[in-house]
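Below is one structure; the comments refer to it alone.
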Amino acid sequence: MKHGGRIIVVRGFTLVEVLVALVIVALGLTALMITISSSARSSGYLREKALAQWIALNRLVEVRLSLKQSGLYADAAELEYANRHWHYDTRYFDTSNATMRRVVVRVWAGDVKATGNPLAESSTFLGSALMPAGSSNIPAIGDWSAISTFSTGALTPGGAGAPGGAAAPVPGSPGSGRNPGPPPPGGTIPNPGGTGE
């Protein structure tokens, strides 16, 4: 090319250079598409896993409320949830405590024929009361000596009431040498600690 009496050589890219650039761009776009696809797949899997976990927790609540406990040691069912078909398997296991059972719920996407690892698994324990309602291991209300060590802060390490510590006598308890007596006519109970409040 001539420009003002001088010859200017205009040089473009060679075919090899253009092909190398295209290969580099193609590799970059392929890596980007793989990353985006993997992210979308992970997002879908996490959504399914969260839904399956909700189904498992709902099933555990049903079992604990004894709304649906159809089998002695196992039961299974299918359901529609979040516009998807799911199935769960509930297993009941005996424990070393005769009044308790372990309940495990596993959830899969699809119908009962779907196999493989469950998307979610949750467990809980069911049991009957170890003692009748209203009973307690704390002595009768009239004897506060078992409780007062907690309120006086006597559970400091090595202190009274703590393991290895000396038992502190509680005012008003047998052997303390001090009995506050019945409450005054006004209905207020004097503070046995003597703090003035």
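The values are calculated or read from the model by the stated rules, or taken from the named source; none is laboratory data. None of these values were measured; they are calculated from a predicted model. Every residue, glycine among them, receives a Cβ derived from its backbone with ideal geometry; neighbour counts consider all protein chains shown.
A few points about this structure:
- Taking the criterion of being surrounded by 15 or more Cβ atoms within 10 Å (Cβ to Cβ) and of a type in the set (S, T, N, Q), the residues of the stretch 30-65 that qualify are GLN53, ASN58.
- Flag for ARG102 being modelled with pLDDT of 90 or more, under 31 Å from the mean Cα position of the chain (by Cα) and not hydroxyl-bearing (Ser, Thr, Tyr): yes
- Selection status of VAL103, within 11 Å of ALA52 (Cβ to Cβ), hydrophobic (A, V, I, L, M, F, W, C), surrounded by 13 or more Cβ atoms within 10 Å (Cβ to Cβ) and in contact with a Phe, Trp or Tyr (Cβ under 6 Å, 6 or more places away or on another chain): no
- Set side by side, the residues VAL16, VAL25, VAL10, VAL20 differ, and just one is more than 30 Å from SER128 (Cβ to Cβ), out of contact with any Phe, Trp or Tyr (no Cβ under 9 Å at 6 or more places or on another chain), among the β-branched types (Val, Ile, Thr) and in a loop (DSSP other than H, G, I, E, B), which is VAL10.
- Only one of SER38, SER70, SER43, SER66 that is at pLDDT below 95 and on the phi > 0 side of the Ramachandran plot: SER66
- Checklist (1) polar (S, T, N, Q); (2) under 29 Å from ALA120 (Cα atoms); (3) surrounded by 10 or more Cβ atoms within 10 Å (Cβ to Cβ) applied to SER96, failing item: (3)
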